Each structure stands twice: as structure tokens, then as C-alpha cells.
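Notes follow once the structure below has been shown.
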Amino acid sequence: MSQKDQSLSLANPHPHNLSASQKLALAVTGIGLLLLFIAWFGGSAIQTTAFLWPSLILTAIGGVWYTLSTYRHLPEGIKNNGVFTASLTSRGALGWIAGIVLTGFYVCLYWYPHLLGFSGEGTANTGLVQMFDPLSQMLKGKAASQWFVYGTLYTLAILVMGFKFIWKYRHNRYQVLRTISVMFFQTAFAFLIPELLEGLNSDKAYFAKDIKNMWPLNYYFYEDWHLNNMLNGGSLGMFMLVSGILMTLVISPILTYFYGKRWYCSWVCGCGGLAETAGDPFRQLSDKSLRAWRIERILIYAILVLIVVVTALVLYTYFTGNAQIGPINTYSLRSMYGFWIGAAFSGVIGVGFYPIMGSRVWCRFGCPMAAILGIQQKFFSRFRITTNGAQCISCGNCSTYCEMGIDVRHYAQRGQDIVRASCVGCGICAAVCPRGVLKLENGPQESRKVFDLTDGGIKVNV
Ligand code: SF4
Ligand code: SF4
């Protein structure tokens, strides 16, 4: 039986048996990652350049090699075999181990950076952070921080796993283009350009210079220190201030009106970029229950209200100098938001729990930016997913692989357009549908096919 036949055979009880080529590729990736761990726990004894480049290059080569040897002989598109039996992708032992390692890394990153080897400004780094010093020196002329290490590994993950994603869905132009887009925005606008600009403006205090410089995703945009640093940051600082405000108030609403929230969540955002690439093996783990939908709506809008209130109070303090409003101290409030939402939820749970709760936990339950874009998408946008109900065979592929937990099949069976605030327009439901039922489209709002709840039927708004 050929490799192609094996992948499609329901009778094949071991779809995860690896070929020799796949095993070698995994071994190469493993050596690359092992070097990272040796550097991490090697203190200051390691030769940084002897570890850095071999580690990054071997990890990348192993990832690309594994992708080619896995998908080259298989038909394009989704592979259902083994998804719900493989330990890594079905909350088995490997899934839990991956979740614990990822969560542990994020805990160190946010709250215990010294455990990664970060020694603070002006003191020599050790361990993992020291390993990245040569690259940091090359890009911005100063030693690395834990955030530089994170940015590099994050970008590498999106590039390598993005390549894998493109190969898997190479028949689908939408998937190929949007994956190239997130790979580009992460590499250029979230990593290289901000790092180079920091090197060129080393006399200026920190202010965000990347594509996340948009409130409320960048929750500290209006905090006094950030506003002052932008105002004192010369023409670049002024550009970031004006462009950040314009992005929130003008550019984002216009783009969302024409294309839905997908323009940002699935084409630009780094959080979405990681979820769509490195998180792809876990997208089926999203909870599809009504209970999860209820929790989602309460949580995401509660966090949106919270950040609006926190920002209003922060601006009040900025303009009046008064940080105490009754029993509320605005500085304590903003640091609580930063700790619980900005770090614990978006970082530790948002990525650390990929192998347990799916790849879009933060985007679905927490991101206030997604909440705003979702409201616009639902009520003021031309975007919808159309369904050709007569063709649906109720296989459920679409619902299974919707990372936002939307029961797509429910809409498809009724021939109803999908107009959901949470839909990030990733297009995977359409890509995995064997019958071509679903299409991501833009059109006049009045032509959306939606349920008329008053008569319980399907109504075409024309
Ligand atoms: S409904 Fe489809 S396009 Fe929307 S998030 Fe789910 S899989 Fe992606
Ligand atoms: S819309 Fe497509 S993927 Fe979804 S249940 Fe129907 S046939 Fe299956």
C-alpha cells in the first residue's frame, strides 16, 4: 500500500507510524531544540554563537524537512486520520506535557525572567537569554532581553509552522495568501522593524513600534508613560501616536466594514498568526458547546468594558494628575489589568493552553480588540459566510475544525449565512468542506440570509 493510500484508509490502525525520513527530520528538530535547553540550563558557560545559529538553523531545517516528507505524497487539505487518537492532538499525555512546558515557559517569561537568564539592564545575561545576545547585538546593538528571545522564537515558530500550513492547504489560494501575509507581518512589522528602530533610536525611551500599537490590543497605549514617551520620541514617536489613534478610530472600522474582522485577526495579527500556524494541530480542541458560547460572550465583553473603564481612568489621571478616584487607585487598576489580562490570560493561558483548549482561547474569550471588531463585523460589515444548504451532507468537518467553536454545520444545514461576531474569517471551514458548501464573501448587508426569529423560518433580506 502506498503512503498516499495509507493516509486515506479507514482500516489503517496506525496512521501515525512515521517514515524513516520523518523520523530523521524530527531528530534534526530535536537536536535544535535540545541546544536551546542546553543553553538555558548551561548558565554562563556556553559559547553563545556556537549554540545560537546551529539551534535556529537545525530547528528550521528539521521543520521544513518534516513538512515535505509528510505532505509531499499526500493529497492537499485536511487529514482526519488519527486526529482524535494521537496523544498530542487529543489531550493525551503528550498534549498535557506540551501544555505544561509551554505554560512554564510563559510563566518564566512574564514573572521570572531571571530563570531564563535575563540579568537586567547593564548586567551580563546568562543561559537562554545570553544565547540570543549575538543576534540582538546585530539587530539593535545591545544585549538581548527575555522579550527579544520570545520575539525570535515566536517568529521562527510562525515561519516554520506557516510553511507546514501552506503545504497542507497548498490547493487553497485563500489559505496560502493569508498565511504568507501573517508570516510577512510577523517577521517584518512585529519583529525586524521594531528591533531595528529601537537600535536606531536608542536615546529614546521605550514606546511600542509594532503592528500591535493599536488600542485596546495594546492596552498601555494611553498610559501616561507611553503617551509621554511617544510625545518625546521625535517624529517616529509622533507617527506612532497619530497612526495608533487613526488605526483604532478610522482605518480599522473601514477595513472591517469592507472585509470583516478577518483583515486583522487572520491576515495581520501576530496572536492570530501563531494560532493559525503553530496552533493549527490543535484547532479541533475548541469547545463547541452552548455553555462555552455563553461563557465566551460574557467574558469577552466584560473584558472590553473593563479596558474601556481602565483607559478612561488612565486618561483622567493623565489630564488631571489625580490618580485616586474614591477608593480606586488608577495605577493599581492598570497594573491589575496588565497582570491578569495582559499577561496571565493573553500569554500564559492564550498560548500555553493550545494543546488543551485549542488555538484561539485568547481571541475567542479574551481579546478586547476581537470584541470590538466582532461587534462591527456583526452589525456594520459586508462580510458573511454563505452556505449552499442543499449540498451539505452533515459530515461536520466544518464545525470540528472551527477554532472559534462555531457550529458551522448548524448554519450550513439550514442554508443560512454565518454572521457571527466571533468568526475570524480564517476560512478553514470552507477549506475542509468536502462539498464546497461554504464561501467567504463580502456584499451588501441587506442581502445577508439570516434567520427571522419571529416566524422561525429562513428569511432572505432583499
Ligand atoms: S466559521 Fe469558518 S471562517 Fe469563521 S472562524 Fe470558524 S472556521 Fe474560521
Ligand atoms: S458544510 Fe460541508 S463540512 Fe460542513 S457539515 Fe456540510 S458538507 Fe460537512
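The values are calculated or read from the model by the stated rules, or taken from the named source; none is laboratory data. None of the values given here were measured: they were computed from a predicted structure. Counting neighbours? That spans all protein chains shown, and the Cβs are built from the backbone with ideal geometry, glycine included. Note: accessible area is taken over every heavy atom of the protein model, side chains too, but ligands, DNA and RNA are not part of it. Shrake-Rupley method; radii C 1.70, N 1.55, O 1.52, S 1.80 Å.
General remarks:
- N201 meets the conditions (1) over 27 Å from G62 (Cα atoms); (2) open to solvent by less than 30 Å² (accessible area, probe 1.4 Å); (3) of a type in the set (S, T, N, Q) in every case but one. The failed one is (2).
- Of the criteria (1) surrounded by fewer than 19 Cβ atoms within 10 Å (Cβ to Cβ); (2) modelled with pLDDT under 95; (3) closer than 21 Å to L306 by Cα, which one A208 fails: (3)
- Of I166, I180, all but one fail to be β-branched (V, I, T), at pLDDT 95 or above and open to solvent by less than 60 Å² (accessible area, probe 1.4 Å); the exception is I166.
- Selection of region 426-454 for residues being more than 16 Å from ligand 2 (Cβ to nearest atom) and touching a Gly at 6+ places or on another chain (Cβ under 9 Å) yields N442, F451.
- Region 38-66, residues that are modelled with pLDDT of 90 or more and either open to solvent by 40 Å² or more (accessible area, probe 1.4 Å) or aromatic (F, W, Y) (or both): I38, W53, P54, I57, L58, I61, V64, W65, Y66
- Only listed residue being of a type in the set (F, W, Y) and within 21 Å of F221 (Cβ to Cβ), chosen from F239, F258: F239
- Selection within region 67-99 - open to solvent by 60 Å² or more (accessible area, probe 1.4 Å) and either in a loop (DSSP other than H, G, I, E, B) or among the small types (G, A, S) (or both): R72, H73, E76, N80, F84, T85, L88, R91, A93
- Just one of the listed residues (Y264, Y301) is at pLDDT 95 or above, open to solvent by 70 Å² or more (accessible area, probe 1.4 Å) and either touching a Lys or Arg at 6+ places or on another chain (Cβ under 8 Å) or aromatic (F, W, Y) (or both), namely Y301.
- Meets criteria (crowded, with 16+ Cβ neighbours inside 10 Å, of a type outside the set (G, A, S) and either under 30 Å from E403 (Cβ atoms) or at pLDDT 95 or above (or both)) for L246: no
- Scanning region 177-201 for residues that are among the hydrophobic types (A, V, I, L, M, F, W, C) and over 17 Å from the mean Cα position of the chain (by Cα) yields L192, I193, L196, L197, L200.
- Residue check for M404: away from ligand 1 (no atom under 15 Å from the Cβ), buried (at least 20 other Cβ atoms within 10 Å of the Cβ) and among the aliphatic types (A, V, I, L, M): no
- Only a single item in (1) under 13 Å from R262 (Cβ atoms); (2) hydrophobic (A, V, I, L, M, F, W, C); (3) more than 7 Å from ligand 1 (Cβ to nearest atom); (4) buried (at least 24 other Cβ atoms within 10 Å of the Cβ) is not met by C433, and it is number (1).
- Across region 366-391, the number of residues qualifying as within 14 Å of ligand 1 (Cβ to nearest atom) and open to solvent by less than 40 Å² (accessible area, probe 1.4 Å) comes to 11.
- Failed criterion for R283 (all others in (1) open to solvent by less than 20 Å² (accessible area, probe 1.4 Å); (2) in contact with a strand residue (DSSP E or B) (Cβ under 7 Å, 6 or more places away or on another chain) hold): (2)
- G405 being of a type outside the set (A, V, I, L, M), closer than 27 Å to N172 by Cα, more than 14 Å from ligand 2 (Cβ to nearest atom) and modelled with pLDDT of 95 or more: yes
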